Every structure is written in C-alpha cells, then in structure tokens.
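Q: Pasting a structure below so you can have a look.
The values are calculated or read from the model by the stated rules, or taken from the named source; none is laboratory data. From a predicted model like this one, the values you see are computed outputs, not experimental measurements. Note: ideal-geometry Cβ built from the backbone for every residue, glycine included; neighbour counts use all protein chains shown.
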Amino acid sequence: MMQSRSDDGAGVQLDWVGGVPVQGVGARQACPSRPRRGGGYLDECIAPQLSADARFRELEEMGLPAVWLTLAHAIGYDHFMTMWRVLDAAQEMHSDSGPMIELQMRRYGSFKRFQRNRYVETLVDMGLSDTAIKDRLRVELDEELSISHIGRLTAPRRVGTR
C-alpha cells in the first residue's frame, strides 16, 4: 500500500526548540515561538549605515578639523583613509614642527583658469577671432572676459609655447 506524503508526519520539519512537528509547507505557515535563549538571528547585527557612522564618528572624536571631516564624507571613508596614508608616507609633507602633515595646494579656481586658458588656446587653433572667443566663453563657460584679457591670452608668446 502506498502512502501519500500528507498521511503522516514524514518529511515535516521539526521545530528547532522542542522537537514538535510544525504543520505547513516548510513550517512557514506556523507561528513558532521564539526560543528563550540561543539560536535565531543575533539582535546585535549592525546595519552598514551605523557601522559607517561609527567610523566617521571616530575621526571626529580624535579631533580632526571640520574641513577634513567634510572631505571624508564627500569622498568616502575608505578613500579618505587612502589619501591620508599616501600623504603621511610622503616625506615632503611632514612638518618640521611636530607630528603634522603640511598640505599646500593651489586654490580650485586656479585649476578652472588653467582649463579655461587651454580652451582659449583650442579656440585660437581653430582660427576664431577674439570677439568669437569672448562669445563662446560667455555661452559655454559662463565667463565674461574682456577683449583685452583675451588678447593677452591669445598673444603669440602664450599660445603654442607648451
């Protein structure tokens, strides 16, 4: 005589605690009571966001200036730590006056001017007049330069002397 799977408790998952068969497919239908101790998921699991916050909080607690904390948040903790290690490894960055890294960096505006000037050189190479260059800079870069300033940038001594 052949038995069907539902005839008896064969194949029924046992409750992890009491060894009592739980009814339902894969025991998903029953509402098992939580074990009194041990087993189950750890309640101490830390969400990744909380873990990341703790790492940033450590940087704050050690007294890093606000600009460095802002940078750490902007580029991410791991990238910040990589940058810090690279700067610390560079001997030319070490301070003579103590355990500090001395950082001197040009202002971001100087980079933007450098890029603008390279763009002006490209426009000169394309054969545009100073007036056309002025119009392109205003429309494309939202920068207003005088014709005399553009003339200084496009002077023969500046262009093509890379």
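Q: Going through the range 96-125 one residue at a time, which ones are more than 30 Å from residue 138 (Cα to Cα) and either surrounded by 10 or more Cβ atoms within 10 Å (Cβ to Cβ) or of a type outside the set (Gly, Ala, Ser) (or both)?
A: Within the range 96-125, 96, 99, 100, 101, 102, 103, 104 meet the criteria.
Q: Residues to consider are 93, 105; find the one that is touching a strand residue (DSSP E or B) at 6+ places or on another chain (Cβ under 6 Å) and closer than 22 Å to residue 63 by Cβ.
A: 93 is the lone residue from the list that is touching a strand residue (DSSP E or B) at 6+ places or on another chain (Cβ under 6 Å) and closer than 22 Å to residue 63 by Cβ.
Q: When the residues of the range 137-158 are filtered to those that are buried (at least 16 other Cβ atoms within 10 Å of the Cβ) and part of a helix (DSSP H, G or I), which remaining residue is modelled with the highest pLDDT?
A: 137
Q: Does any residue in the range 61-89 that is surrounded by 11 or more Cβ atoms within 10 Å (Cβ to Cβ) come within less than 8 Å, Cβ to Cβ, of a residue that is of a type in the set (Asp, Glu) six or more places away or on a different chain, and which pairs are these?
A: What qualifies is 69/60.
Q: Looking at the range 72-93, can you tell me whether even one residue there is under 29 Å from the mean Cα position of the chain (by Cα), part of a loop (DSSP other than H, G, I, E, B) and farther than 30 Å from residue 155 by Cα?
A: Yes, the range 72-93 has at least one match.
Condition check ((1) assigned by TED's automatic domain parsing to the domain that holds residue 53; (2) among the aromatic types (Phe, Trp, Tyr); (3) not in a helix (DSSP H, G or I)) across all residues:
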site: 67; (1), (2), (3): yes, no, no
site: 98; (1), (2), (3): no, no, yes
site: 127; (1), (2), (3): no, no, yes
site: 135; (1), (2), (3): no, no, no
